[in-house]
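As structure tokens, the structure follows; a few thoughts come after it.
The values are calculated or read from the model by the stated rules, or taken from the named source; none is laboratory data. Being a predicted model, the structure only gives us computed values, none of them experimental. Please note: Cβ atoms are built from the backbone with ideal geometry, for glycine as well, and neighbour counts cover all protein chains shown. Accessible surface is based on the protein model in full, side chains and every heavy atom, while ligands, DNA and RNA are left aside. Shrake-Rupley method; radii C 1.70, N 1.55, O 1.52, S 1.80 Å.
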Amino acid sequence: MDEIAPGLLDWTAYRDTIGTAVHSHYATQAGVIVDPMPADGDLPSAPRLAGLTNRHHLRFAADYGCPIVCHEAGLHEFEGADAEVEGFRWGDELAPGVRALEVGVLCPEESALHIAAGDGFLAFADAVIRGRDGRLALVPDSLLGDDPEPVKAGLRAAFQRLIDEQDFDGLLLAHGEPSRSGGRAELQALATG
């Protein structure tokens, strides 16, 4: 477990369903755990809320014993599920210092979470990954549907909107190492690339 900014933790855990390690995050002051997998050590406090950046990241949220939230467009995924998941809307403050933001495009509920820690962080689900070369990337075309170019254009437009409207310098990725700083410039390069 790594503290990447005061009160903001990041860790990885192996996700057998996709055959790779994924990242989870915990904003300790807000009590919000993001896209939770089992932590590799004790958390400094019990989470008060599990925030999902999309419906596919339910993972081990129920194990933390706190309410779980996902954008309302993804709630259909949880009908009949063991875990109860409540909906949020873009713009909602999930907890003090954690706000849900629209990404959409990749799937209707794809969200970013703005976390007020350090110089600000954006947490992303599957819209942004870190490639093998260490740079930010979009997921492979094979995961973007039959016509990937409009999806990529839509994601780039969503990133540009977030850059223009939000105050942040760090990035938290479900699929890749976080950026403690310089994340705004990295996201700008992806948006305009």
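Observations on the model:
Residues checked against (1) on the phi > 0 side of the Ramachandran plot; (2) aliphatic (A, V, I, L, M); (3) part of a loop (DSSP other than H, G, I, E, B):
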| position | (1), (2), (3) |
| --- | --- |
| Ala30 | no, yes, yes |
| Ile33 | no, yes, no |
| Pro36 | no, no, yes |
| Asp40 | no, no, yes |
| Ser45 | no, no, yes |
| Trp90 | no, no, yes |
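- Looking at Ala50, Ala46, Ala13, just one residue is without any contact (Cβ under 8 Å) to a residue 40 or more places away in the chain and under 19 Å from His114 (Cβ atoms), and that residue is Ala50.
- Residues located in the range 22-53, provided they are open to solvent by 50 Å² or more (accessible area, probe 1.4 Å) and in contact with a helix residue (DSSP H, G or I) (Cβ under 8 Å, 6 or more places away or on another chain): Pro38, Ala46
- Members of the range 92-106 that are buried (at least 19 other Cβ atoms within 10 Å of the Cβ) and part of a loop (DSSP other than H, G, I, E, B): Val103, Val105, Leu106
- In the range 47-55, the count of residues that are in a helix (DSSP H, G or I) and among the charged types (D, E, K, R) is one or more.
- All positions within the range 136-187 that are among the charged types (D, E, K, R), more than 17 Å from the chain's Cα centre (by Cα), open to solvent by 50 Å² or more (accessible area, probe 1.4 Å) and more than 28 Å from Glu3 (Cβ to Cβ): Asp141, Asp146, Asp147, Glu149, Asp164
- Only a single criterion out of (1) in a strand (DSSP E or B); (2) open to solvent by 10 Å² or more (accessible area, probe 1.4 Å); (3) in contact with a Lys or Arg (Cβ under 9 Å, 6 or more places away or on another chain) is not satisfied by Leu190, namely (1).
- Candidate set: the range 1-11, residues that are surrounded by fewer than 16 Cβ atoms within 10 Å (Cβ to Cβ) and of a type outside the set (Asp, Glu); chosen: the one nearest to Glu177 (Cα to Cα): Met1
- Once the range 63-83 is narrowed to residues that are farther than 17 Å from Val32 by Cβ and among the acidic types (Asp, Glu), the residue that is nearest to the chain's Cα centre (by Cα) is Glu72.
- Scope the range 129-182; condition part of a loop (DSSP other than H, G, I, E, B) and among the β-branched types (Val, Ile, Thr); matching residues: Val139
- Selected residue (only one of Gly19, Gly74, Gly65 is over 22 Å from Glu3 (Cβ atoms), surrounded by 13 or more Cβ atoms within 10 Å (Cβ to Cβ) and out of contact with any strand residue (DSSP E or B) (no Cβ under 7 Å at 6 or more places or on another chain)): Gly74
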